[in-house]
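Asker: Have a look at this one before I ask anything.
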Amino acid sequence: MTSRPTPEQHLRDLARLRRVKDRIDREYAKPLDVEALARGVSMSAGHLSRQFRLAYGESPYGYLMTRRIERAMALLRRGDLSVTEVCFEVGCSSLGTFSTRFTELVGMPPSAYRQQAADATAGIPSCVAKQVTRPIRNREARSPGQT
């Protein structure tokens, strides 16, 4: 049985989790894994994963992939890079994994998104297009009966 952390320890853990989240936001295109992120804040990988999920609602890996897909969406809207180039530009090392995760989050393959997004966001400032086209995770999507 483990004891509950003191309020001070809880605040220190939250600060460390925020550092991990900020690092993912800054370094999403670099090779990152949970073990390296955990070492950076002196936590075990398991503890980091559990605490990150409690604090942010998803695993560190899930958050990293969401950041990568968001950036990929922006690059695909720009239209000057191929899907493969975008995949590697955002830090993914496997085109298959990138395409699968992109399709899960966005609802269509990257190639289809690239074609559709170019027309849909024409004339919209990029800062607005980014917010409007942000991927919606399954837990954020409303079911038809919800208002």
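Asker: Could you give every pair whose Cβ atoms fall below 7 Å, whose first residue belongs to the stretch 11-40 and is free of Cβ contacts under 8 Å to residues at least 40 places away in the same chain, and whose second residue is open to solvent by 50 Å² or more (accessible area, probe 1.4 Å) and of a type in the set (D, E, K, R), counting only separations of at least 6 or pairs across chains?
Answerer: Leu37/Arg23; Gly40/Arg23
Asker: Determine, yes or no, whether Tyr28 is aromatic (Phe, Trp, Tyr) and in contact with a Gly (Cβ under 8 Å, 6 or more places away or on another chain).
Answerer: Numbers: aromatic (Phe, Trp, Tyr): yes; in contact with a Gly (Cβ under 8 Å, 6 or more places away or on another chain): yes.
Criteria met by Tyr28.
Asker: Starting from residues that are open to solvent by 100 Å² or more (accessible area, probe 1.4 Å) and of a type in the set (A, V, I, L, M, F, W, C), keep the ones in the stretch 3-58 and report whichever is farthest from Cys87 (Cα to Cα).
Answerer: Leu11
The values are calculated or read from the model by the stated rules, or taken from the named source; none is laboratory data. Just so it is clear, the model here is predicted, and its values are computed rather than measured. We place every Cβ from the backbone using ideal geometry, glycine too, and count neighbours over all the protein chains shown. Side chains are part of the model used for accessible areas, which takes the heavy atoms of the whole protein and leaves out ligands, DNA and RNA. Shrake-Rupley method; radii C 1.70, N 1.55, O 1.52, S 1.80 Å.
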